[in-house]
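Participant: Sending over a structure as structure tokens; questions will come in a sec.
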Amino acid sequence: MAEATVTDAAVGFLYPGYSAEDDYPRLEAMLAADVRLPLVHTDIGEDAHRVDALLEMGSAARLAAGVAALKALGAGAVVWACTSASFVFGWEGAQEQARELSRTTGLPASSTSFAFAHAIRALGADRVAIAATYPEDVAEHFTAFLKASGAEVVAMRGSGIITAAEVGTWGREEVLQLARQGDHPDAQAVLLPDTALHTAAYLGDLERELGKPVLTANQVTVWEGLRLLDRSVLRPDLGALFASDMP
């Protein structure tokens, strides 16, 4: 592989396994900006939305294994494109995970869990609802993570799906139904936290359906990468998160 010239106009993503990774080239095209979104797959071990499996999936060794390939693609920042295998470590543990990834890469680093926390603040949403594909015990860890960030979770719904492979097969109707079922009248935004879920093509549909901002995992992950690069891209078709020049 020829090594790319490192540029601050490329966000690199470490993505666990194979399920909805095609959201990233789709989002890159939809951004219509001079920003590349290269992606490297990590070895997930056991494909299971189960706490012990997720802790191993997000281990420093598994993430570090993809770093050389990601840097060769010219990344100027890196995001661990996984929600569950970051929030299961808890607020402090997820911070250490991101710090270790930054030390290993020598780049600004974050994860999808922190992307959600930062996106909620950027939208000015105080109360959110979670519409999760995960089993409820795993989704509860996300609830705890968001509460630690200062957000109020007014509703949480888990769907009991064990594998990312199954989530990756969901289409538009399943995604819209998930969001509808997870919404709550008091929620100022609805969160769909699984990066294994295809959502890039449905961002406008989701917000029209619910009449409020909807934050999805791959959407906020890309936004977080742009934030690390101090880049702002206005693309209202990517949802309320991209509809204004947010800090």
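FYI, it's all coordinate maths here, none of it is from the lab. Since we're looking at a predicted model, the values are computed, not measured. Counting neighbours? That spans all protein chains shown, and the Cβs are built from the backbone with ideal geometry, glycine included.
Participant: With charges only on Cβ, +1 for K and R and -1 for D and E, what is the dipole size of the stretch 124-215 about its Cα centre, in debye, rounded to 20?
Facilitator: 160 debye
Participant: So, in nm, how far is label Glu92 from label Arg172 when the simple model puts each one 7 Å beyond its Cα toward the Cβ?
Facilitator: Placing both labels 7 Å along Cα→Cβ, they lie 4.7 nm apart.
Participant: Something else: Would you mind pulling out the separation of the Cα centroids of the stretch 77-98 and the stretch 180-247, in Å?
Facilitator: Each part's Cα centre sits 19 Å from the other's.
Participant: Taking 8 Å as the Cα distance limit and 6 or more residues as the minimum spacing, I'd like the relative contact order of the stretch 149-227 as a percentage.
Facilitator: 30 percent
Participant: Using Cα pairs under 8 angstrom and six or more residues apart, how large is the relative contact order of the chain, in percent? Working shown, then result.
Facilitator: On the way: 537 pairs, mean separation 55.1, N = 247.
Once divided by the residue count of the chain, the mean separation gives 22 percent.
Participant: Now a separate question. Can you sort Val222, Val35, Val138, Val233 from fewest to most other Cβ atoms within 10 Å of each residue's own Cβ?
Facilitator: Placing the least packed residue first, the sequence is Val233, Val35, Val138, Val222.
Participant: While we're here: Place the peptides 36-44, 161-169 in order of packing, highest mean first, counting for every residue the other Cβ atoms within 10 Å and averaging per peptide.
Facilitator: Result, highest mean Cβ count within 10 Å first: 36-44, 161-169.
Participant: Still on this model: Is it possible to state the helix-based mean residue ellipticity at 222 nm for the chain, with each DSSP H run of 4+ residues giving -39500 (n - 2.57), the sum divided by total residues, to the nearest 500 deg cm²/dmol? What is it?
Facilitator: After summing the helix terms and dividing by the residues of the chain, the value is -12500 deg cm²/dmol.
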